[in-house]
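Visitor: One structure coming up, written as structure tokens, with questions to follow.
Throughout, read-outs are computed from the coordinates displayed, never taken from laboratory work. Model, not experiment: these values are computed from the prediction. Here Cβ is always computed from backbone atoms with ideal geometry, including for glycine, and neighbour counts include all displayed protein chains.
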Amino acid sequence: MQVIIKENYDEMSKEAAQIIRDAIHLKPNLVLGLATGSTPVGTYKELIRMYEEGELDFSKVVTFNLDEYVGLPPNHDQSYHYFMHDKLFNHININPANVHIPSGIAKDFAKYCQWYEDEIKKAGGIDLQVLGIGSDGHIGFNEPGTSLASRTSLVTLTEETIRDNSRFFEKEEDVPRFAITMGVGTIMEAKCCLLLANGEKKADPVSVLVEGPITSQVTASALQMHPNAIVIVDKAAASKLKRVDYYKWAYENRPRF
Ligand code: PGA
């Protein structure tokens with residue numbers, strides 16, 4: 001696991017956008033896994049800037065989003081479908097046919113989840129998966145206790161996640177109780193995982209993700225078993241890590257051959 005510690009949110013976002021840009025330059029038809037939440041918004045802004053300045057072409061990029069709330073139609077302003085269009089897709093030259101976001105209003109969720117898994121396989125698998133981390137340590141909506149081998153499925157959100165996400169809704173009761181999410185096993189099959197975390201609230205889950213035991217109680221910790229995981233954190237999110245000096249040293253002295 002490569003741990004990159006940045007001074008602040010802006011620096012974290014720029015670093016993440018550069019990694020995504022380099023990946024698209026290497027493979028213009030990159031299969032890119034995307035995340036929602038506050039964390040990646042700065043990265044998406046930076047990708048939009050790169051597109052506007054002619055540094056990036058998304059016309060062949062294929063995307064798969066991690067998750068969606070159950071019960072919210074795509075045009076609901078708190079759906080992740082809406083979020084992705086508002087924060088990224090409406091501002092770049094992505095081909096709408098290449099965009100995949102789980103549906104929160106599928107009729108048969110078991111069938112739908114299998115279909116989503118099959119679509120990822122048909123696309124050749126995810127090359128680069130962007131991830132946030134919940135204050136309860138989740139990746140996607142894989143809440144504490146979820147099997148680290150889980151596949152795309154319908155899940156129940158924790159009360160902590162509902163509380164965390166209530167900031168976007170009028171009242172807590174409006175936050176959906178269920179979501180459809182790629183599983184930890186699905187995420188682990190991405191060729192590269194890029195997890196971002198900022199702020200003090202993420203310091204505890206980040207410390208388990210990077211230095212704690214691998215446990216289904218913090219599903220992000222599964223990334224310790226991933227052969228190519230990059231974790232970019234700001235100083236606040238890194239504040240409970242024990243080996244900060246080494247991570248900085250290893251980053252500054254990373255092999256460039
Ligand atoms: P946040 O959410 O980026 O809004 O903190 C992260 C997550 O729940 O994965």
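Visitor: Take the residue pairs K45/K235; K27/K111; K60/K111 and return only those whose Cα atoms are more than 25 Å apart.
Guide: Flagged as over cut-off: K27/K111; K60/K111.
Visitor: Please give me, ordered by residue number, the GluC sites (Glu not before Pro) of the range 148-219 that lie in loop per DSSP and have at most 10 other Cβ atoms within 10 Å.
Guide: Counting only loop positions with at most 10 other Cβ atoms within 10 Å, the GluC sites (Glu not before Pro) in the range 148-219 are E170.
Visitor: Can you list residues from other chains, or at least 5 along the same chain, whose modelled amide H is less than 5 Å from the amide H of C193?
Guide: Amide H neighbours of C193: Q129, N228, A229, I230.
Visitor: Relative contact order for the chain using alpha-carbon pairs under 8 Å, separation at least 6, rounded to a whole percent?
Guide: 25 percent
Visitor: Would you please give the residues with an amide H less than 5 Å from that of V218, counting only those at least 5 places away or on a separate chain, with H modeled from the backbone geometry?
Guide: G145
Visitor: Still on this structure, please answer the following. Apply the Karplus curve 6.51 cos²θ - 1.76 cosθ + 1.60, θ = phi - 60°, to the phi angles in the range 215-222 and return the couplings in whole Hz, x for Gly and Pro.
Guide: Values, residue by residue: 8, 5, 6, 9, 5, 4, 5, 4 Hz.
Visitor: On to the next question. In whole Hz and in residue order, list the ³J(HN,Hα) couplings for the range 136-152 that follow from phi through the Karplus curve 6.51 cos²θ - 1.76 cosθ + 1.60, θ = phi - 60°; x for Gly and Pro.
Guide: 8, x, 6, 10, x, 10, 7, 6, x, x, 5, 4, 6, 10, 4, 10, 3
Visitor: Continuing with the same structure: Please report V206, V41 as a ranked list, fewest other C-beta atoms within 10 angstrom at the top and most at the bottom.
Guide: Starting with the residue having the fewest Cβ neighbours, the order is V41, V206.
Visitor: If you build the Cα gyration tensor of the chain and take the root of 5 times each eigenvalue, what three semi-axes come out, in whole angstrom, biggest first?
Guide: Three semi-axes, in Å: 26, 23, 18.
Visitor: Another one. Relative to the compact-globule scaling 2.2 N^0.38 Å, provide the ratio for the alpha-carbon radius of gyration of the range 37-88. Working shown, then result.
Guide: Values: Rg = 12.5 Å, N = 52, 2.2 N^0.38 = 9.9 Å.
Cα Rg divided by the expected 2.2 N^0.38 Å: 1.26.
Visitor: Oh, and also: Among DSSP bridges having both ends in the range 2-252, what percentage is antiparallel? Round to the nearest 5.
Guide: 30 percent
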